[in-house]
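Right, one structure below, let's go through it.
Coordinate-derived values only; no laboratory data. Values in this document were obtained by computation on a predicted structure and should not be read as measured data. For neighbour counting, all protein chains shown are included, and Cβ atoms are generated from backbone atoms with ideal geometry for every residue, glycine included.
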Ligand SMILES: NC(=O)c1ccc[n+]([C@@H]2O[C@H](COP(=O)([O-])OP(=O)(O)OC[C@H]3O[C@@H](n4cnc5c(N)ncnc54)[C@H](O)[C@@H]3O)[C@@H](O)[C@H]2O)c1
């Protein structure tokens, strides 16, 4: 093994990426596969898993390291079943990426629909963190596995974004729970960290940030760029290095409880 492999290789390890066929999950799953891990990609829909697996149709050496599983991560039994499937297909997972989450658009506070607000909390906190973390950590403690968890925080974890009330609440709680669970599980050697993506152009936010007709930034897009010292949006491929770094015990074994912003300096913007 050369020096870089010693520090960053995930060869022989098993990782689970929940929401692993989503926009960000795809990049994180791919990073773990390319770094040598066996990867179980979890999603609610078979179709998204098929699309993900097609990326590797001409890479049989990576397809062999991939398991795709339909899971509902808000359901404890479903997560337990999928966990067991990953164990029997590969080996005990040592890495969990909690990649389920998302937002559902802006509205004034007085127009909040309580049911929708609860759904967004459920999606980001229960499905996106609490259930998988509980199941994995219970199994890791029982089997003395020093696992690593990576949660998905956001710019809203630090400063609220306008109009996305439930998402703000959920993502600030994700940061809080990242720190709290890092503390709780440290005695077992389990690490819990997070990645906080800044603004990345994706299917869901493209129309909000770029005017489809002119290709220019929208008002919101301009506001983001003005506040981003690097003066551009991120490329999702820029999340890969941090994923491997935080997953690797050799590279980040003494790091726990941190949320790593990947934001072109958005959080250090000043006037
Ligand atoms: N996209 C961004 O710019 C951005 C920025 C900051 C943080 N994040 C966070 O990153 C995470 C991933 O975001 P994304 O943009 O890739 O979202 P996405 O919607 O593209 O991916 C999420 C995936 O999770 C799956 N999913 C939803 N509920 C599920 C459940 N109960 N069980 C199993 N799978 C389920 C969805 O089918 C989807 O494939 C989220 O937590 C999001 O808040 C995204």
0 to 90° range, to nearest 10: angle between helix 76-89 axis and the chain longest Cα axis: 50 degrees
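Could you give the Stokes-Einstein D for the stretch 117-191 in µm² per second, using the C-alpha Kirkwood radius, 4 °C, 1.567 mPa s? Don't skip to the end; give the middle numbers.
Working: Rh = 13.0 Å.
The Stokes-Einstein estimate is 100 µm²/s.
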So what is the orientation-averaged projected area of the chain, using the convex hull of its C-alpha atoms, in nm²? 15.9 nm²
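Given N residues in the stretch 114-271, what is Rg(Cα) / (2.2 N^0.38 Å)? Intermediate values should be presented prior to the final figure.
Details: Rg = 17.2 Å, N = 158, 2.2 N^0.38 = 15.1 Å.
Normalised Cα radius of gyration, the stretch 114-271: 1.14.
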To the nearest Å, what is the center-to-center distance of the stretch 47-62 and the stretch 178-234, using C-alpha atoms only? 26 Å
Which value in nm describes the separation of the simple spin-label points at residue 84 and residue 235, placed 7 Å from the Cα toward the beta carbon? 4.4 nm
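Helix-only mean residue ellipticity at 222 nm, the chain, DSSP H runs n ≥ 4 weighted -39,500 (n - 2.57), per residue, nearest 500. What is it?
-11500 deg cm²/dmol
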For the chain, take the longest principal axis of its alpha carbons; what is the angle in degrees between that and the long axis of helix 131-142, to the nearest 10 within 0 to 90? 30 degrees
Return one number: the angle in degrees, 0 to 90 and rounded to the nearest 10, between the long axis of the Cα atoms of helix 165-185 and the longest principal axis of the Cα atoms of the chain. 30 degrees
Taking the DSSP beta bridges in the chain as the whole, what percent of them are antiparallel, to the nearest 5? 5 percent
